[in-house]
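To start, the structure under review is shown below, and the notes come after it.
The values are calculated or read from the model by the stated rules, or taken from the named source; none is laboratory data. Owing to the predicted nature of the structure, the values given are computational and were not obtained by experimental measurement. For neighbour counting, all protein chains shown are included, and Cβ atoms are generated from backbone atoms with ideal geometry for every residue, glycine included. Each accessible area value is taken on the protein alone, full model and side chains, heavy atoms only, with ligands, DNA and RNA left out. Shrake-Rupley method; radii C 1.70, N 1.55, O 1.52, S 1.80 Å.
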Amino acid sequence: MSGLLDGKSVLITGAGGGIGRAAAILAAAEGAKVMIADLNEGWINETAELIRKAGGTVTARRTDVANEADVNALVKATVDAYGRLDGAFNNAGIEGDWGRTAESTLANFDKVIAVNSAGVFLCMKAEILAMLETGGGAIVNTASIAGLSGASYMPAYVASKHAVVGLTKTGAMEYARRNIRVNAVCPGPIETPMLGKISSNRPNVTEAMKGATAMKRLGQPVEIAQAACWLMSDRASFVTGVALPVDGGMIAG
């Protein structure tokens, strides 16, 4: 049986660990030629080695998604390496500092928006231009259930992820007739290093998050990766503009 992404060229940001690493490994296993990017060069090199050991095709490039020149160079490098860009998973993101709105700083807000929102915008802009050159493609952005509802103590993160959902829907409307689909995955609580950082000094947070899901457990990075790879594949050919919760039923009730 052919892979979900056979023959496709796919770009994944934030691929140094967690959801991004899982998505890169899965995309390669499903037949894609993968360009992976992260701010931490050591982490993406580790991801690349895992993919190569499994027989996949991968190129790794250190990238700051908040830097337009970096993003443009990343997309160009993908096209140069693989001839085209068929799919992109804009997954890079940060959680920022924890605190109520009135206790938060503008510096933290600006930093989170620069990576989580402006970074997605810059990636989408460059990816769309590349996809238009070769007849289309599929973009998936990592939003969050915090992009679908409010969440206390994370005002910058919540604002940034709401922006991702808006960018996703706007891109979907603008480019549907040009054969470019744009969707978002909205993870619930996932067992990643980011969640570990949030809960490191707050021992009750993880259990509270588990309890808030219908399934009473944390999700695994590969469960988000599976959704993202499907959305990049031709099997999701009539799906665009969707902000898909992958959250164990957290927002259902």
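Just a few scattered comments:
- Within segment 13-31, being surrounded by fewer than 24 Cβ atoms within 10 Å (Cβ to Cβ), out of contact with any Cys (no Cβ under 9 Å at 6 or more places or on another chain) and assigned to a loop (DSSP other than H, G, I, E, B) holds for Gly17, Gly31.
- Flag for Arg84 being farther than 20 Å from Leu39 by Cα and without any contact (Cβ under 8 Å) to a residue 24 or more places away in the chain: no
- Beta carbons closer than 6 Å, at least 6 apart along the sequence or on distinct chains, pair a first residue in segment 137-151 that is more than 15 Å from Gly166 (Cβ to Cβ) with a second that is of a type in the set (D, E, K, R) and part of a strand (DSSP E or B) for Ala138/Arg181.
So that you can scan it fast, the table gives a plain yes or no per residue for (1) more than 30 Å from Met209 (Cα to Cα); (2) in contact with a strand residue (DSSP E or B) (Cβ under 8 Å, 6 or more places away or on another chain); (3) outside any loop (DSSP other than H, G, I, E, B); (4) not aliphatic (A, V, I, L, M):
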{"position": "Asp97", "(1), (2), (3), (4)": "no, no, no, yes"}
{"position": "Ala118", "(1), (2), (3), (4)": "no, no, yes, no"}
{"position": "Ala126", "(1), (2), (3), (4)": "yes, no, yes, no"}
{"position": "Met131", "(1), (2), (3), (4)": "yes, yes, yes, no"}
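- Residue ranges of helices (runs of 4 or more DSSP H) in segment 166-253 with at least 1 members modelled with pLDDT under 95 and open to solvent by less than 50 Å² (accessible area, probe 1.4 Å): 193-199, 203-212
- When segment 37-49 is limited to residues that are of a type in the set (A, V, I, L, M, F, W, C) and touching a strand residue (DSSP E or B) at 6+ places or on another chain (Cβ under 9 Å), the one that is surrounded by the fewest Cβ atoms within 10 Å (Cβ to Cβ) turns out to be Leu39.
- Segment 150-165, residues that are closer than 20 Å to Gly219 by Cα and modelled with pLDDT of 95 or more: Tyr157, Val158, Lys161
- Only a single item in (1) touching a Lys or Arg at 6+ places or on another chain (Cβ under 9 Å); (2) more than 18 Å from Val222 (Cα to Cα) is not met by Gly42, and it is number (1).
- Selected residue (only one of Val34, Val10, Val58 is open to solvent by less than 20 Å² (accessible area, probe 1.4 Å), over 24 Å from Thr168 (Cα atoms) and hydrophobic (A, V, I, L, M, F, W, C)): Val58
- Filtering segment 70-85 to residues that are part of a loop (DSSP other than H, G, I, E, B) and open to solvent by 20 Å² or more (accessible area, probe 1.4 Å) leaves Gly83, Arg84.
- Scope segment 135-149; condition within 22 Å of Gly83 (Cα to Cα) and in a loop (DSSP other than H, G, I, E, B); matching residues: Gly135, Gly136
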